[in-house]
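The values are calculated or read from the model by the stated rules, or taken from the named source; none is laboratory data. What you see is a predicted model; the values in this text were computed from it and never measured. As a convention, Cβ positions derive from the backbone with ideal geometry for all residues, glycine included, and neighbour counts pool all protein chains shown.
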Amino acid sequence: MLYGVKDLKVEDVEVPKVEAGEVLVKVKAATTCGTDLKIFQRGYVEKVIKLPTIFGHEWAGEVVDSDKSLEWPKKGMRVRAGNSAPCLHCAMCQRGKYNLCENMIWLWGAYAEYIKVPARMVLVNMQEIPEGVSFEEAAITEPLACVLHGVEEADVKLGDTVAIIGAGPIGLLHLLTVKKMGATKAIVIDLVNERLDFAQKLGADVTINSGKENVEARIKKLTGGCGADVAIEAIGLPATWEQALRLARKGGVVLEFGGCPPGTEVKVNAEMLHYGELTVMGTFHTTPLHFRKALNLIATRTIDVRPLVTRKMKLDNIKEAFEILSTSKNEIKIGVVP
Ligand SMILES: [Zn+2]
Ligand SMILES: [Zn+2]
């Protein structure tokens, strides 16, 4: 149970009871995420999360109970679901923008022994986990789905040079994805050498420590003076949003992926936007289609997410897990097992 900033306690709670259309899942693994860490450290997503609450949103497990009227999923089936389910009939859903659904439901509670999946989520965003895929891998479906949605919108192409700011879990998922999409030069930028080394192991062609090098100058040099085809911000800070704007070439794309705190404003150079025909976009969250795609990509190891789980810990030690993530330079995601 999360009570507030850095106030996390392991407690016994009632096993949830299923009602109409709902499914109860025994969690087999959950994975930590930057969003969870933000909530733990700063608690600023308080509008989304009502405290005290069980939290965590990347999980996979086994069906233990479901409403009798449901034909699917069967008891014992390995599944993953959520963390969102659009309504399919609001103005945004009617336009196919399911990630912007005005009545989105969200599911928190991955760091627990059981999680109850709401009826709508069972219908639109629950999948069976294919054989041979671990629960940890399946749990990573959610962040990968967000990344897939982003790079599809940014239209990364075969042969592109892509600059990625941030070598955390989200930056690294972008790296794995753009390499698969045929980027010939993937450049990863971060302040922490350990993370850059990790990015290199995962296939980064170039890494740049932005604390030690002039990133813009280096990117210009690497691209014959013109800049990256696509620049992706995967941190969520105004300074790096603005930095991303300076890394893309004329006619290039800037994908502002990391969410900044509410009220944040950034400066955009109008000359670059107009004379440079720069496309600047933000993407938010993802759609049920991308969840399906992400799980398939993980299951076929087209995108191998296994290296991202750098440590496994027991649910009893969840507080310690977040303390490790707050300070460690070497951990990417921790697999939390009840
Ligand atoms: Zn996540
Ligand atoms: Zn909707």
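Tell me which residues, restricted to the stretch 312-337, are part of a helix (DSSP H, G or I), aliphatic (A, V, I, L, M) and touching a residue at least 60 places away in the same chain (Cβ under 8 Å). Walk me through how you get there before you give the answer.
In the first step, residues of the stretch 312-337 are kept if they are part of a helix (DSSP H, G or I); the result is 315-327.
With the extra rule that they be aliphatic (A, V, I, L, M), the set shrinks to 315, 318, 321, 324-325.
Correct list: 315, 318, 321, 325.
Among the residues of the stretch 262-270, are any more than 18 Å from residue 140 (Cβ to Cβ), surrounded by fewer than 13 Cβ atoms within 10 Å (Cβ to Cβ) and either in contact with a Ser or Thr (Cβ under 9 Å, 6 or more places away or on another chain) or among the hydroxyl-bearing types (Ser, Thr, Tyr) (or both)?
Yes, because at least one residue in the stretch 262-270 is more than 18 Å from residue 140 (Cβ to Cβ), surrounded by fewer than 13 Cβ atoms within 10 Å (Cβ to Cβ) and either in contact with a Ser or Thr (Cβ under 9 Å, 6 or more places away or on another chain) or among the hydroxyl-bearing types (Ser, Thr, Tyr) (or both).
Considering each of 27, 15, 64 in turn, give the residue that is within 16 Å of ligand 1 (Cβ to nearest atom) and either part of a loop (DSSP other than H, G, I, E, B) or closer than 27 Å to residue 292 by Cβ (or both).
After ruling out the rest, the residue left standing is 27.
Just checking, how many residues over the stretch 114-145 are farther than 11 Å from residue 60 by Cα, away from ligand 2 (no atom under 16 Å from the Cβ) and over 19 Å from the mean Cα position of the chain (by Cα)?
So the answer is 6.
Taking into account only those residues within the stretch 30-61 that are farther than 16 Å from residue 1 by Cα and part of a strand (DSSP E or B), which is nearest to the chain's Cα centre (by Cα)?
31
What single numbered condition from (1) part of a loop (DSSP other than H, G, I, E, B); (2) at pLDDT 95 or above; (3) in contact with a Phe, Trp or Tyr (Cβ under 9 Å, 6 or more places away or on another chain); (4) not hydroxyl-bearing (Ser, Thr, Tyr) fails to hold for residue 277?
Of (1) part of a loop (DSSP other than H, G, I, E, B); (2) at pLDDT 95 or above; (3) in contact with a Phe, Trp or Tyr (Cβ under 9 Å, 6 or more places away or on another chain); (4) not hydroxyl-bearing (Ser, Thr, Tyr), only one is false for residue 277: (3).
I need the full set of residues from the stretch 198-243 which are in a loop (DSSP other than H, G, I, E, B), small (Gly, Ala, Ser) and farther than 26 Å from residue 305 by Cα, in order please.
Listed by number, the residues that qualify are 211, 224, 225, 227.
Would you confirm whether or not the stretch 100-107 contains a residue that is more than 10 Å from ligand 2 (Cβ to nearest atom) and in contact (Cβ under 8 Å) with a residue 40 or more places away in the chain?
Yes: the stretch 100-107 contains one or more residues that are more than 10 Å from ligand 2 (Cβ to nearest atom) and in contact (Cβ under 8 Å) with a residue 40 or more places away in the chain.
Would you point out the residue of the stretch 67-105, among those that are of a type in the set (S, T, N, Q) and surrounded by 14 or more Cβ atoms within 10 Å (Cβ to Cβ), that is nearest to ligand 1 (Cβ to nearest atom)?
Among those that are of a type in the set (S, T, N, Q) and surrounded by 14 or more Cβ atoms within 10 Å (Cβ to Cβ), it is 83.
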